[in-house]
Amino acid sequence: MNLLTRYMLRQNLYLLLLVCGIGLGIYIFIDLLDRLDDFLDAGVGFSSVISYFVYRSPFILSQIFPAVFLIALMVQLGIMLRSRELLALEACAVSPKKVARSVICYALVLCVALLFFSEVLGVSGHKAADRIWYEQVRDRQIETRSLTDIWFREGNRIVHMGSVTPGAKKGANLTIHVLDDNDAGVIREIIRAASFTSSSRGWLLSDATRTFPETFEVRAMAELELDLRTDVGGFLIIDPKTRLESLPIWQLGSEIKRLEDSGSNIERLQTAWHMKLAYAGSVLVMAFIALAVVSVFGSLFVIIPVGLVTTFCYYGLFVLCATAGEKGLAPPVLAAWAANLIFMAVAGGWLMRGRSFHLG
């Protein structure tokens, strides 16, 4: 690490921690005002309120970090520009490209750090905060959340669950169509059950009936064991009310694979998976935006407003493209990464001109 990189790193870390503290404080203050009535109505203790925001803090930090990094970097470069440090560097044969290269390498490291921070501390903290909110404030147990009208496929079986409680791994009104191994269009057997439970060993059906269409034979059984291996606990992921940011990227990937094999619609999940990577990569986009804005404008009082407006435009495009991907209007990969690619292409193209920062 050369002297320039160490100098810029030390300056930026100080500003980054300062802006992070301010941003986190503002976010928690606004969130507290928004939820204060709910906490008071539920009679939640002070310790639970503190615990809620402590658990939620890593997730908040991971969400605001790209914008925080942008502000810290623009302030740093703006101060260096106003104090003629960038002009002095260029006079000493340190080109703007070398300065940009140091910033970009630093941003790449932060991209990786943000991904791990958000998927480990952010996700676990988000789950703990949600548990406090639903169980103590909303009085709603996550384990008792029920889903209705769920379809999936496992092997030659097409399964329909009238209702299922994924947390308890049980459900009701189960119908299974067993297809013929030689001809997928022929139904070999229809299994119905009033209720069922699932485990790692298989599914146990209660009050079951087996119907064989070829012979019109119907068999009633008090209990029936099936070798279904699908974990119904994973079906909470397809609940439209479930926030996908509360799921780690590796769990989301495994569920995508399982649901893809069962023939389920996974466009929403694939988009969410790529969005996690793209959002971590947005730190690099913020670095390009900051460098491009500083190379155009020479005043710190202009750099920050222009940078923030550009960032709002970026986030607007990011959300718009993500919605298109979730609705199936665009491929998930393109939908998640489109905003990053567009802004990096524009900002990077401007930086490739090698324009001196002090001419802004």
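Restricting attention to region 321-349, report how many residues are over 30 Å from Leu87 (Cβ atoms), of a type in the set (A, V, I, L, M, F, W, C) and exposed (fewer than 13 other Cβ atoms within 10 Å of the Cβ).
Summing the residues that are over 30 Å from Leu87 (Cβ atoms), of a type in the set (A, V, I, L, M, F, W, C) and exposed (fewer than 13 other Cβ atoms within 10 Å of the Cβ) in region 321-349 gives 1.
Pull up region 52-102, narrow it to residues that are among the charged types (D, E, K, R) and in a helix (DSSP H, G or I), then point me to the one that is surrounded by the most Cβ atoms within 10 Å (Cβ to Cβ).
Checked region 52-102; the qualifying residue surrounded by the most Cβ atoms within 10 Å (Cβ to Cβ) is Arg56.
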- Task: Tell me, please, whether a residue that is part of a helix (DSSP H, G or I), of a type in the set (S, T, N, Q), at pLDDT 90 or above and buried (at least 21 other Cβ atoms within 10 Å of the Cβ) can be found in region 276-291.
- Result: yes
- Mind counting the residues in region 188-234 that are within 20 Å of Ser146 (Cβ to Cβ), assigned to a strand (DSSP E or B) and hydroxyl-bearing (Ser, Thr, Tyr)? 5
- Query: Picking from Arg35, Arg6, which residue would you name as being basic (Lys, Arg), part of a helix (DSSP H, G or I) and under 27 Å from Ser124 (Cα atoms)?
  - Reply: Arg35
- Task: Go through (1) farther than 18 Å from Ile71 by Cα; (2) assigned to a helix (DSSP H, G or I); (3) at pLDDT 85 or above one by one and return the number of the condition Leu329 breaks.
- Result: (2)
- Among all residue pairs at least 6 apart or on different chains, which show Cβ distances below 6 Å where the first residue, located in region 88-107, is modelled with pLDDT of 75 or more and the second is polar (S, T, N, Q)? Ser102/Thr5
- Message: Could you check region 10-51 and list, in sequence order, the residues that are under 29 Å from Ile104 (Cα atoms) and buried (at least 16 other Cβ atoms within 10 Å of the Cβ)?
- Response: Gln11, Asn12, Leu15, Leu16, Val19, Cys20, Gly23, Leu24, Tyr27
- Count, please, the residues in region 144-161 that happen to be surrounded by 17 or more Cβ atoms within 10 Å (Cβ to Cβ) and free of Cβ contacts under 8 Å to residues at least 60 places away in the same chain. 1
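Would you be able to say whether some residue in region 235-256 is in contact with a Gly (Cβ under 6 Å, 6 or more places away or on another chain), under 23 Å from His126 (Cβ atoms) and at pLDDT below 80? If you could, list the steps in order and put the result at the bottom.
Going residue by residue through region 235-256, those that are in contact with a Gly (Cβ under 6 Å, 6 or more places away or on another chain) are 255.
Those still in the list that are under 23 Å from His126 (Cβ atoms) too: 255.
Adding the requirement that they be at pLDDT below 80 leaves 255.
Yes, there is a match, as at least one residue in region 235-256 is in contact with a Gly (Cβ under 6 Å, 6 or more places away or on another chain), under 23 Å from His126 (Cβ atoms) and at pLDDT below 80.
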- Task: Say whether the condition of being at pLDDT 85 or above, outside the structural domain of Gly171 (by TED's automatic domain parsing) and within 27 Å of Val120 (Cα to Cα) is met by at least one residue in region 295-311.
- Result: yes
- Is there any pair with a first residue in region 178-199 that is in contact (Cβ under 8 Å) with a residue 24 or more places away in the chain and buried (at least 17 other Cβ atoms within 10 Å of the Cβ) and a second that is among the small types (Gly, Ala, Ser) and not in a loop (DSSP other than H, G, I, E, B) whose Cβ atoms are under 8 Å apart and which are 6 or more apart or on different chains, and what are they? Ile191/Ala208; Ala193/Ser206; Ala193/Ala208; Phe196/Gly171; Phe196/Ala172; Phe196/Ser206
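The values are calculated or read from the model by the stated rules, or taken from the named source; none is laboratory data. These figures come from a predicted structure and were not determined experimentally. So basically every Cβ, Gly included, is an ideal-geometry build from the backbone, and we count neighbours across all protein chains shown.
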